[in-house]
């Protein structure tokens, strides 16, 4: 017999005593953990997809309408303020970005079906995107009725490549290139075009204006993408802009805009809380499953635990054993759930083209939730053991 | 000078004094123990008997610090359990060994690991645990099953593992509830012999609830409870000694073995050091004495005369009976010459014993008359 010098690992022994029961328990708990991980993964992917365009903007500060609480929502501010911003000291450039989503319709070049799409317009002479493909195609975008399309757009948008002709909002366009961005939960894809073409398509102009100075009533600006002069501190310039401009516009750093967008979707939009509820349901289901498993096991061993109490074991030891068992359940179930979730994310992420990833944040959050779920269940279940009276053994 | 200086034989391992116990609260409160008192010394194998609901398991659980003492006092191993908090009761239990009717072994642990669970609260070094655990399993004849899980053991083997678990820490007090109920004859003998060895070799005290007649032969003492009261408490070794002495005395020869046992049952052991006065002339008589060992001097005093030694009494002789029968003061003083061991019978019990046999009473009177005559003639 091997020498056993460490204390008897009662929790581990109890866990492994009945392999079938262990498998059933792990399946139940892992299912709940998987549910939470999927909800958390979709929540993260949802937020991540909504942030993709902002992350690709090449600016230190963003000038926006104060009423623009969601980046995807159209809320332009007066062009006059855009010009006023340019006059503020410390500004290297303020470049306009235009957005259309509601009226933009893309015709699938293969199936000829129509789908809603997100469209950004910008001045090719003042590029605002970090996307290298866009930077490489500025000249092509200056041509009338040309666009670039996201090659990670959902498949229902059809296969698009340079040279393809189709329709955008019932007008003929030619695709001059693609870029890699990805859809979000509200839009199947993104189109980028020059401001001139944008005005023609969505600004009620009959043709692409060749010179913007010819236009006296240029449309309002959706976002002013600002670069701060070298050597100037971004917070100082931000304060100066806020002081110079009326309260109808707001000036945010890129990080602040990302944070505002994230908070909106997490707290205000109905979508974020839905995932939270889903996670909560997974937590509750998991806790119930874990509680039921532990309660059943402890009930089968009440006289054994009562004997331990009679032998001189304190309640703290009994709690420790049950908690240890719960933690082992949580960790083993987590490994199973992690593996299953990894496969699901790979498959669903590719199919839905959303950024579903087993990030470190998701890994840490879900393991903490799994542990908490099992520990809380154990703390409730252990009351049964604590209530046992060793005197009843006689 | 005070008389009747009592020296109880040793510091008792268990001392129960006027213990009442109740279950339930309010109107549902039900008394299950009534002013029970008992002292149990080291090295005794005590069997508690009584019908179901007599309170024996309640008393056992109180002695085992498994319940809080409500009224009265209980001391075990020099520790007063009265008023102890739950945490302290648990600490006290670490010095005890419990054997329950069911083995209550963890199915997930091997036989050795189940025993080791007990040693973990015994404060032993890991290396010592292994040796000690295996030795205990060996004493119970199941060392070859040390690695087996309980489900692979027979019922008897499981119970022997439970016994090993209870005894492995060498507790000074073992409380057992029907420990042989699920054992075959061979296993039962092993367990009972081990328990007996512990009492004789190591001075361990064992209190056991059992209906197994095979164990009665080995018991030192039988405590019988009825309706929450200890109705008899017989120290068998003492009772046998007393009966042997009593039947050798002319006065008691007419008593049947049953009547002798009834008398013996009520007698209490007392020890005196040399020079101690057992009874004093002129005091009221409260007890009848039988000398189990040692010698005592009987002296008488007459007004204006020096104290005279009337007799020297030794093992098997009795004194103190006259004052109980006549309700007159003691007519002589009895002093221990050397360490003296006596069995005493209270006045009420003595008179009841006398009432058992008219012949007995007459002979006592005759004896008393003879002694008086001897006293007067000197």
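The values are calculated or read from the model by the stated rules, or taken from the named source; none is laboratory data. Everything numeric in this text was worked out from a predicted model, so none of it was measured. A quick note on method: Cβ atoms are made from the backbone with ideal geometry, for glycine too, and the neighbour counts reach across all protein chains shown.
Among the conditions (1) touching a helix residue (DSSP H, G or I) at 6+ places or on another chain (Cβ under 6 Å); (2) more than 14 Å from chain B (Cβ to nearest Cβ); (3) assigned to a loop (DSSP other than H, G, I, E, B); (4) surrounded by 16 or more Cβ atoms within 10 Å (Cβ to Cβ), the only one that residue A:37 does not satisfy is (3).
Is it true that residue A:57 is under 23 Å from the mean Cα position of the chain (by Cα), touching a residue at least 12 places away in the same chain (Cβ under 8 Å), under 15 Å from residue A:190 (Cα atoms) and assigned by TED's automatic domain parsing to the domain that holds residue A:240?
Considered against the rule, which asks whether it is under 23 Å from the mean Cα position of the chain (by Cα), touching a residue at least 12 places away in the same chain (Cβ under 8 Å), under 15 Å from residue A:190 (Cα atoms) and assigned by TED's automatic domain parsing to the domain that holds residue A:240, residue A:57 comes out as no.
Take the conditions (1) more than 7 Å from chain A (Cβ to nearest Cβ); (2) more than 23 Å from the chain's Cα centre (by Cα); (3) surrounded by fewer than 17 Cβ atoms within 10 Å (Cβ to Cβ); (4) more than 30 Å from residue B:227 (Cβ to Cβ); residue B:78 misses just one of them, which is (2). Scanning region B:278-299 for residues that are crowded, with 19+ Cβ neighbours inside 10 Å and either without any contact (Cβ under 8 Å) to a residue 12 or more places away in the chain or assigned to a strand (DSSP E or B) (or both) turns up B:278, B:279, B:287, B:288, B:289, B:290, B:291, B:292, B:296, B:298.
Can you report the number of residues in region B:46-63 which are in contact with a helix residue (DSSP H, G or I) (Cβ under 7 Å, 6 or more places away or on another chain) and either surrounded by 23 or more Cβ atoms within 10 Å (Cβ to Cβ) or within 11 Å of chain A (Cβ to nearest Cβ) (or both)? Full working, then the answer.
Narrowing region B:46-63 to residues in contact with a helix residue (DSSP H, G or I) (Cβ under 7 Å, 6 or more places away or on another chain): B:47-48, B:50, B:61.
Subsequent filtering for residues that are either surrounded by 23 or more Cβ atoms within 10 Å (Cβ to Cβ) or within 11 Å of chain A (Cβ to nearest Cβ) (or both) retains B:47-48, B:61.
Counting residues in region B:46-63 that are in contact with a helix residue (DSSP H, G or I) (Cβ under 7 Å, 6 or more places away or on another chain) and either surrounded by 23 or more Cβ atoms within 10 Å (Cβ to Cβ) or within 11 Å of chain A (Cβ to nearest Cβ) (or both) gives 3.
Considering region B:6-25, the residues that are assigned to a loop (DSSP other than H, G, I, E, B) and surrounded by 15 or more Cβ atoms within 10 Å (Cβ to Cβ) include one that is modelled with the lowest pLDDT, namely B:12. Residues of region A:238-255 that are assigned to a helix (DSSP H, G or I), surrounded by fewer than 19 Cβ atoms within 10 Å (Cβ to Cβ) and in contact (Cβ under 8 Å) with a residue 24 or more places away in the chain: A:240, A:244, A:254. As a summary of the residue check, residue A:45 satisfies the conditions (1) within 25 Å of the chain's Cα centre (by Cα); (2) more than 30 Å from residue A:347 (Cβ to Cβ); (3) buried (at least 21 other Cβ atoms within 10 Å of the Cβ) except for the one numbered (2). Out of A:126, A:110, one residue alone is over 24 Å from residue A:349 (Cα atoms), in a loop (DSSP other than H, G, I, E, B) and outside the structural domain of residue A:350 (by TED's automatic domain parsing). It is A:126. One residue is enough: does region B:26-38 have a residue meeting the conditions modelled with pLDDT under 95, assigned to a loop (DSSP other than H, G, I, E, B) and either more than 30 Å from residue B:142 (Cβ to Cβ) or in contact with a strand residue (DSSP E or B) (Cβ under 9 Å, 6 or more places away or on another chain) (or both)? Yes, that holds for at least one residue.
Answer with yes or no whether residue A:185 is buried (at least 20 other Cβ atoms within 10 Å of the Cβ), assigned by TED's automatic domain parsing to the domain that holds residue A:131, under 26 Å from residue A:71 (Cα atoms) and touching a residue at least 24 places away in the same chain (Cβ under 8 Å).
So residue A:185 fails the test.
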